[in-house]
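Bear in mind these aren't lab numbers, they're just calculated from the coordinates by the rules spelled out. Treat the numbers as computed from the prediction; the structure is a model and nothing was measured. Glycine gets a Cβ as well: all are built from the backbone with ideal geometry, and neighbour counts include every protein chain shown.
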Amino acid sequence: MSQHDASAGSRAPDESGRASAAGESGPRPSLPRSDEEWREKLTPEQYQVTRRGGTERAFTGEYHDHKADGTYRCVCCGEPLFSSDNKYDSGSGWPSFHRPVDEESVASREDRSLFTVRTEVLCAKCDAHLGHVFPDGPQPTGLRYCINSAALEFDPEDAT
Ligand SMILES: [Zn+2]
């Protein structure tokens, strides 16, 4: 009964090697959990929009008139949400898409604020508020995902 226990006593490196390419797949263990942590990670505007359900003022966001090819990721967790392929100019002053990269990547729920019923769009992975979806978009979907620039981070790579 000789049981090997090589790792006994020696601490695995943690802080020193934290740049371990946590990119492509798999969960990111470092996602903030508390409100406090989100507040530290995000800019005040990003925090207000994504964690408080805020809306940036029309035509003030970084991406409403942004036409480069690439992927728009969740500013909170990095999940790819929208592609420049599906972006169009709605004239609304917010980045508009007729569909997400993947139906699974966004969640929606009814929003009854402002005396009307709208459909709120959230990041399916981290629950960040992204914007709203309206049924007045172009074909083939007929949908307009009206998204706050502050909830997005543009990644010029891997345009599909
Ligand atoms: Zn997210």
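Tabulated values for the structure
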quantity	calculated
Fewest-first sequence of W38, W94 by Cβ atoms within 10 Å of each Cβ	W38, W94
Amide hydrogen neighbours beyond the local backbone of A124, cut-off 5 Å, H modeled	V106, A107
Packing-based exposure ordering (other Cβ within 10 Å, fewest first) of S83, S30, S105	S30, S105, S83
Isotropically averaged projected area of the stretch 58-155, using the convex hull of Cα atoms (one quarter of hull area), nm²	5.7 nm²
Added length on full extension, which subtracts the Cα-Cα distance from 0.36 nm per residue, D127 to A107	6.4 nm
Gained length - Q139 relative to Y88, 0.36 nm times residue gap less alpha-carbon distance	17.2 nm
Within straight-line cross-link reach of K67, lysines at Cα separation under 24 Å, skipping those fewer than 8 residues along the same chain	K87
